[in-house]
1. Take residue 60 and decide whether it is within 23 Å of the chain's Cα centre (by Cα), open to solvent by 90 Å² or more (accessible area, probe 1.4 Å) and modelled with pLDDT of 65 or more.
2. Would it be correct to say that residue 105 is within 20 Å of the chain's Cα centre (by Cα), assigned to a loop (DSSP other than H, G, I, E, B) and loosely packed, with under 12 Cβ neighbours inside 10 Å?
Amino acid sequence: MRKLIVLSLLCFATIQNIAALNAQSNHTDLLTQSTKQIIPAKNTAQSEKKITRKPAPTIMNFRCDGRQYCAQMTSRAEAEYFLQHCPDTRMDGDNDGVPCENDSRF
């Protein structure tokens, strides 16, 4: 009987937490919408155009260390780096600039 009470209390707390998160999310959406209505757009062309941001470039800590084959690479990005920056790589059999095309890991 104790387990049933504890379980029901946990379920109730979870439901309350989810409801609070949903209410907070809806409140944020309402604030965003009201702010857009209050602040007029400077240029109608700008307001109609969607702003797309490119993801921040990730810092790659690759260095040429003598590896030449796809089996020695840990990611597609690493293979691309090696193909572009390191001499004597053997990862692009058809010389189209795409390394490790037949490697199913990537």
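1. Values: within 23 Å of the chain's Cα centre (by Cα): yes; open to solvent by 90 Å² or more (accessible area, probe 1.4 Å): yes; modelled with pLDDT of 65 or more: yes.
Taking the combined requirement at face value, the residue satisfies it.
2. Numbers: within 20 Å of the chain's Cα centre (by Cα): yes; assigned to a loop (DSSP other than H, G, I, E, B): yes; loosely packed, with under 12 Cβ neighbours inside 10 Å: yes.
Considered against the rule, which asks whether it is within 20 Å of the chain's Cα centre (by Cα), assigned to a loop (DSSP other than H, G, I, E, B) and loosely packed, with under 12 Cβ neighbours inside 10 Å, residue 105 comes out as yes.
The values are calculated or read from the model by the stated rules, or taken from the named source; none is laboratory data. The model shown is predicted, which means the values in this text are computed figures rather than measured ones. So basically every Cβ, Gly included, is an ideal-geometry build from the backbone, and we count neighbours across all protein chains shown. All accessible areas refer to the heavy atoms of the entire protein, side chains included, with ligands and DNA or RNA removed. Shrake-Rupley method; radii C 1.70, N 1.55, O 1.52, S 1.80 Å.
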